[in-house]
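> Let me give you the structure first, and then I'll get to my questions.
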Amino acid sequence: MAKKKKISVDKSVKPLVKKAKDDGAGLVWDRLEDQSPPCGFGKLGLCCRLCAMGSCRINPLKEGEQRGVCGATAETIVARNFIRMIAAGAAAHSDHARGVADVFLAAAKGKIPGYEIKDDKKLYQVAMDFGVEIGERDSKDIAVDIGEKALAEFGRQEGEILFLKRAPLKRQEIWKKLGIAPRGIDREVVEIMHRTHMGVDQDYQNLMLQGSRCALADGWGGSMIATELQDIMFGTPQPIVGQVNLGVLKEDEVNIIVHGHEPLLSEMIVLASRDLELVKQAKEKGAKGINVAGICCTANEILMRHGIPITGNFLQQELAITTGAVDAMIIDVQCLMQSLADVAECYHTKLITTSYKAKFPGAEHIEFEEHDALNVARKIVRAAVDNYPNRKAKVLIPDEKTDMVVGFSHETINYLLGGLYRAAYKPLNDNIINGRIRGIAGVVGCNNARTVHDSDHLTMIKELIKNDVIVLTTGCAAIACGKAGLLTPEAAFEFAGDGLASVCETVGIPPVLHMGSCVDNSRILMAATAVVKEGGLGDDISDLPVAGAAPEWMSEKAISIGQYFVASGVFTVFGVTFPVLGSKKMKKLLFEEFEESLKGKWAFEPDPEKAAKLMIEHIDKKRKELGIDKARERVLYDMAARRELEG
Ligand code: SF4
Ligand code: MSK
C-alpha cells in the first residue's frame, strides 16, 4: 500500500481500501507503488519502439542532439507517440459510435425489437444536418437514411464529415486553410498509423496537422454521432435528480453494476431489472429487489436519461466489488481494469464481459447480441439474481451518497435559459457580457492513480466557480463533482461567486452542469457553437471567454478530446503529466504556436489551483479583446438626472 500517502478526498475510499487489505484484494494503489517511479523516457514521450532497430530513447539529460537509430529526432518521436494516442482515443470513441449507428439503422429498419425513436425533434435536426429529406416522410424512413449516412461517415474517403458544418463559419475556414478538415473518420485514424510507421512522416508540425484532423474527426464526427444517435434512440437528457457514491449500493438487494461506455446494453439491463418475473425471483432468493447502479460513462449515460444511481468513477471500480455487495459487474468496453477479475475472485461477484472486443481471463462472457438485446439483458440480470445467495465476505457499504441534478444537454441549457417558447442562449450571452458570468470552462476527464483521487477536479472547479466561471463537465470529472455536492442548485450559494450565484438562483441551475459521458464532450462543442451563433461574443469559438481542462486525465481518449478542443479554438490545460515534455519544439508548438494557427492552444499545469488561474487569465484576456472586460457599471439616477434625461 502506498506509504500513508493520501489517496482520495472521497470519504468512501479509505474504509474500503482497508477492507481490501484485510480481504487480500490488491488495488490500483498497491500496483502503483510497484510501478513507481514511472519510466522517465515514456513519460516524456521520448521512447520509440516503432521498429526492430530500437527500441530507441532520447536522454534529455545528455548534451547535444541525440537521434534514434533511423535518425529520428526527439520532436519526431514525441509527435509520433502523441498522435498515436490521438488515433487510439479517436478510434475508441468512434468505434463506440459505429456500434450505435449499426443498432440505430437496424432498429430503424425494424430488424431489432426493444429500440425505438424517442426524440423526433433531434431526428429532424440531424436529418437537416445530414441533408436527409424530411417532408411528409415517416420517422422510420428518415431514420433509415440517417443511419446509412452516419455509417458512411466512417468510411468516407473524400470531402468533409457532415457535422463539420455545425461549427461556426470562421472555424470551418480555419480548418480548410490549414487542410485539417477531416475527410472520413476511419481514414484519419488509419492515416495516422501510416504516417507514424517507421520511415514515413518525419516532420513534427506536419504530424500534428494530421493529429488535429484525426481529433476533429472524433469530436465533430465519431463522438458527435454517438451522442446524437443515442439521444434519438434513448432520449435527449433533461434535468433529472440522481444519487452518487458507493452508498447507493443496497445490502438487502441484488446489486448489479454496469461499467464501461456503451449505453446499448445498459439501457436494456435497466429494463430487465424492472421485469416483474425477475424481481419475483430476486425476492425468492431473499433479496428485497434489484438495484442497478453504474461506474464510469455507461453510468453517466443511464443516469442522465433514467436517474439510475452512480456507484463511482474510474478509481472506484475495484472498491465497488470490495464492498462484498456486488452480485454482478457487467462490463462492455473502455476504462475497465484487468484487475477486476482478481478482485472479483476475492468476493462472490460475477464479472461478466459482454463485448467480443473486450474479454477478460477469469470472467464469464455473455455476448451482447443487439438482435436479442432484452433477452441477453434478462439472462445477465438472472445471473446476478442467482448469485445473490453466494455472498461470502463481510458486506461493507459506505454511508456516502449525494443527491445531484444532472442531464444538461446543450438543448436543455437552451430551454432553461430562454424558456420553452423562446429557447435561446441570449440570456447566457447577456450574462457573460454584463460580467455576472465571467466565462465558461469545460472540465472533463478521468481519474489518475498518480494524483489524489478527485482532489484536482474539485480544487480546480471550486476555484473556477468562485470566480464566476460556469463549469460544464462530463465523464469522471462530473462524477467527482456529484459526490462533492457541486451538482445542486444550492451549491451556487456555497461555492460560486456572487455573479454566477445570482444567475444560478434565477434560472435554478447548479454552477456546474453535468453534460454526460466522454462522447458527450461533443455537447460542449455544440454549446460553445450556440454561444457564438447567438451573437455578441465574436464569431468563432476562439473569441469566447472559454477554457477547457482535464486535471486528472489518464486515457488516450482524453488526449484526443484535448486536441479537438484545441483545434476548435479552446485554450486547454491538462494536469498530472504531459507526454510531449521531452521535446522543446513540440512544447513550443503545442503551448505557443498553435495559438497562431489553430487559435487555441495547450497548457500543462499539474497544480489545479494554478491551472484554474491560467484558465481565468485566458478568459479575462478574451473578455478584454471583446471589449467586455469592465463589468458594466450600474448608473443610479437621482431625480435631477432623471428630469434632465426626460427633458
Ligand atoms: Fe528507433 Fe527509428 Fe525504429 Fe523508432 S523508428 S525504434 S527511433 S530506429
Ligand atoms: S470513463 S475515459 S476514466 S473520464 Fe469515460 Fe472516466 Fe476517463 Fe474513462
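The values are calculated or read from the model by the stated rules, or taken from the named source; none is laboratory data. If you're wondering where the values come from, they're calculated on a predicted model, not measured in any experiment. Note that each Cβ is placed from the backbone with ideal geometry, even for glycine, and that neighbours are counted across all protein chains shown. For the accessible areas, the whole protein counts, side chains as well, though only heavy atoms, and no ligand, DNA or RNA atoms are used. Shrake-Rupley method; radii C 1.70, N 1.55, O 1.52, S 1.80 Å.
> Can you run down the residue pairs with Cβ atoms below 7 Å, 6 or more apart or on separate chains, where the first is in region 216-230 and closer than 12 Å to residue 516 by Cα and outside the structural domain of residue 126 (by TED's automatic domain parsing) and the partner is surrounded by fewer than 24 Cβ atoms within 10 Å (Cβ to Cβ) and polar (S, T, N, Q)?
Matching pairs, first to second residue: none at all.
> Further question on the same structure: (1) surrounded by fewer than 24 Cβ atoms within 10 Å (Cβ to Cβ); (2) of a type in the set (Ser, Thr, Tyr); (3) within 30 Å of residue 522 (Cβ to Cβ): which one isn't true of residue 94, the others all being true?
(1)
> If we keep just the residues of region 550-565 that are in contact with a helix residue (DSSP H, G or I) (Cβ under 6 Å, 6 or more places away or on another chain) and aliphatic (A, V, I, L, M), which is farthest from ligand 2 (Cβ to nearest atom)?
Of region 550-565, the ones in contact with a helix residue (DSSP H, G or I) (Cβ under 6 Å, 6 or more places away or on another chain) are 550-552, 556-557, 559-561, 563-564.
Adding the requirement that they be aliphatic (A, V, I, L, M) leaves 550, 559, 561.
Values: 550: 8, 559: 11, 561: 9 Å.
Here the answer is 559.
> Quick check on residue 122: is it among the charged types (D, E, K, R) and touching an Asp or Glu at 6+ places or on another chain (Cβ under 8 Å)?
Numbers: among the charged types (D, E, K, R): yes; touching an Asp or Glu at 6+ places or on another chain (Cβ under 8 Å): yes.
So residue 122 fits the description; yes.
> Hey, another quick one. Hey, any hits in region 521-542 for a residue that's part of a strand (DSSP E or B) and under 27 Å from residue 604 (Cβ atoms)? Step through it out loud before you land on a result.
Taking region 521-542 first, the residues part of a strand (DSSP E or B) are none.
No, region 521-542 has no match at all.
> Mind listing whichever residues of region 581-605 are touching a residue at least 60 places away in the same chain (Cβ under 8 Å), open to solvent by 10 Å² or more (accessible area, probe 1.4 Å) and not in a helix (DSSP H, G or I)?
Result: 581, 582, 599.
> Restricting to helices (runs of 4 or more DSSP H) lying wholly in region 5-92: which have 3 or more residues that are of a type outside the set (Gly, Ala, Ser) and under 30 Å from residue 392 (Cα atoms)?
Per the criteria, 13-23, 28-34.
> Related question: Among 133, 158, 148, 153, which is at pLDDT 95 or above and within 21 Å of residue 564 (Cα to Cα)?
153
> Quick check on region 376-420: of everything there that is basic (Lys, Arg) and assigned to a helix (DSSP H, G or I), which residue is surrounded by the most Cβ atoms within 10 Å (Cβ to Cβ)?
378
> Of all residues in region 43-73 being within 25 Å of residue 188 (Cβ to Cβ) and more than 7 Å from ligand 1 (Cβ to nearest atom), which is most open to solvent (accessible area, probe 1.4 Å)?
This residue is 47.
> Among the numbered criteria (1) open to solvent by less than 30 Å² (accessible area, probe 1.4 Å); (2) under 30 Å from residue 525 (Cβ atoms), which single criterion is violated by residue 339?
The single condition residue 339 does not satisfy is (2).
> Is it fair to say residue 27 is open to solvent by 50 Å² or more (accessible area, probe 1.4 Å) and either at pLDDT below 95 or touching an Asp or Glu at 6+ places or on another chain (Cβ under 6 Å) (or both)?
No: the conditions fail for residue 27.
> What do you reckon, is residue 506 β-branched (Val, Ile, Thr), closer than 17 Å to residue 406 by Cα and without any contact (Cβ under 8 Å) to a residue 60 or more places away in the chain?
no
> Out of the residues in region 432-446 meeting the condition of being farther than 30 Å from residue 313 by Cα and either of a type in the set (Val, Ile, Thr) or in contact with a Leu (Cβ under 9 Å, 6 or more places away or on another chain) (or both), tell me which one is farthest from ligand 1 (Cβ to nearest atom).
436
> Now a separate question. Taking region 566-580 only, how many residues are open to solvent by less than 10 Å² (accessible area, probe 1.4 Å) and not in a loop (DSSP other than H, G, I, E, B)?
5
> Right, something else. Looking at region 443-459, can you tell me whether even one residue there is of a type in the set (D, E, K, R), crowded, with 24+ Cβ neighbours inside 10 Å, out of contact with any strand residue (DSSP E or B) (no Cβ under 6 Å at 6 or more places or on another chain) and at negative phi?
Yes, there is a match, as at least one residue in region 443-459 is of a type in the set (D, E, K, R), crowded, with 24+ Cβ neighbours inside 10 Å, out of contact with any strand residue (DSSP E or B) (no Cβ under 6 Å at 6 or more places or on another chain) and at negative phi.
> Here is a follow-up. Residue check: is residue 46 closer than 27 Å to residue 344 by Cα and either more than 16 Å from ligand 2 (Cβ to nearest atom) or outside the structural domain of residue 457 (by TED's automatic domain parsing) (or both)?
When the stated conditions are applied, residue 46 does not pass them.
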